[in-house]
Amino acid sequence: MKIRNVESLLDMGTGGGEYLSLLQPLPENTYATEGYKPNIPIAKKRLELIGIKVIEVGSDNKLSFEDNYFDLVISRHEEYSAEEVYRILKPNCQFITQQVGGLNNLELNRLLGANEDLGMKYWNLEYAVEKLKNLGMEIIEQKEDFPTMRFYDVGAIVYYLKAIPWQIPDFSIEKYFNSLNNLHNMIQNEGYVDVKEHRFFLIAKKR
């Protein structure tokens, strides 16, 4: 992705700034927001050296930017408020996002006997498109997919669940030991275990 003819850019939920830093050269007026506290010093160290302002946010429902401020807003795997995106985006400018859908890796929860209702099953392409359309935005491009994630050992599953604690919020090796042992035996017999991810992508333009 190359940034062209853009004077102001916002990266919502920049993480550690890894992806945004790859998009150089960036507009002089580029901002990044991040709400996950462990990521904030990492993002600042990486991005402020190249002139990008990093702002800590508690919620994406209210951002400290003026109306009609940005030429481009991007969001990669970050929760966003459609109303706020619409407010801060200039007319005829675009919002680009890739999202993790609400059905992501629920097979893993099922295999471990964990709660599958994380309150996000509604979160899919159709829902996101409808919200933006209701605000008067035009959908330029959209796509939804369910790619396969394959695990070859139970240790990788433990590492993954520790890295993304929101998948099984009460996860611990002790609590899920028996289920992990059953899953280990399954992998030993089959060679791997597959689960379905859930991703969707869209580009919307503010009219």
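For the stretch 145-171, a residue qualifies if it is assigned to a strand (DSSP E or B) and within 17 Å of the chain's Cα centre (by Cα), and the qualifying residues are Asp145, Met149. Of the residues making up the stretch 2-26, just one is closer than 19 Å to Phe65 by Cα, among the small types (Gly, Ala, Ser) and either touching a helix residue (DSSP H, G or I) at 6+ places or on another chain (Cβ under 7 Å) or part of a loop (DSSP other than H, G, I, E, B) (or both), namely Gly13.
Considering only residues that are in contact with a Phe, Trp or Tyr (Cβ under 9 Å, 6 or more places away or on another chain) and more than 17 Å from Thr14 (Cα to Cα), look in the stretch 89-101 and name the one that is surrounded by the most Cβ atoms within 10 Å (Cβ to Cβ).
Just the residues of the stretch 89-101 that are in contact with a Phe, Trp or Tyr (Cβ under 9 Å, 6 or more places away or on another chain), to begin with: 89-90, 93, 95-101.
Among the residues that remain, those that are also more than 17 Å from Thr14 (Cα to Cα) are: 89-90, 93, 101.
Values: Leu89: 25, Lys90: 16, Cys93: 17, Gly101: 20.
Within the stretch 89-101, the match that is surrounded by the most Cβ atoms within 10 Å (Cβ to Cβ) is Leu89.
Of the residues making up the stretch 62-84, just one is among the acidic types (Asp, Glu), under 14 Å from the mean Cα position of the chain (by Cα) and surrounded by fewer than 17 Cβ atoms within 10 Å (Cβ to Cβ), namely Glu79. Taking the condition part of a helix (DSSP H, G or I) and either touching a strand residue (DSSP E or B) at 6+ places or on another chain (Cβ under 7 Å) or surrounded by fewer than 11 Cβ atoms within 10 Å (Cβ to Cβ) (or both), does Gln142 pass? No, not satisfied. Search the stretch 135-186 for residues being out of contact with any helix residue (DSSP H, G or I) (no Cβ under 9 Å at 6 or more places or on another chain) and basic (Lys, Arg), and hand back the single one that is nearest to Glu84 (Cα to Cα). Restricting to residues being out of contact with any helix residue (DSSP H, G or I) (no Cβ under 9 Å at 6 or more places or on another chain) and basic (Lys, Arg), the top hit is Lys162. For the stretch 57-104, enumerate the residues that are within 21 Å of Glu28 (Cβ to Cβ) and aliphatic (A, V, I, L, M). The answer is Leu63, Leu72, Val73, Ile74, Ile88, Leu89, Ile96. Among the residues of the stretch 27-61, the one identified as surrounded by 17 or more Cβ atoms within 10 Å (Cβ to Cβ), of a type in the set (S, T, N, Q) and either assigned to a loop (DSSP other than H, G, I, E, B) or over 16 Å from the mean Cα position of the chain (by Cα) (or both) is Thr30. Restricting attention to the stretch 6-26, the residues that are in contact (Cβ under 8 Å) with a residue 60 or more places away in the chain and either over 13 Å from the mean Cα position of the chain (by Cα) or closer than 18 Å to Cys93 by Cα (or both) total 7. Evaluated against (1) outside any loop (DSSP other than H, G, I, E, B); (2) without any contact (Cβ under 8 Å) to a residue 12 or more places away in the chain, Ser64 falls short on exactly one condition, (1). Comparison of Glu138, Glu190, Glu126, Glu174 shows that the only residue that is under 21 Å from the mean Cα position of the chain (by Cα) and at pLDDT 95 or above is Glu126.
The values are calculated or read from the model by the stated rules, or taken from the named source; none is laboratory data. Fair warning: this is a prediction, and the values are worked out from it, not measured in the lab. Ideal geometry is used to build each Cβ from the backbone, glycine not excepted, and the neighbour counts take in all protein chains shown.
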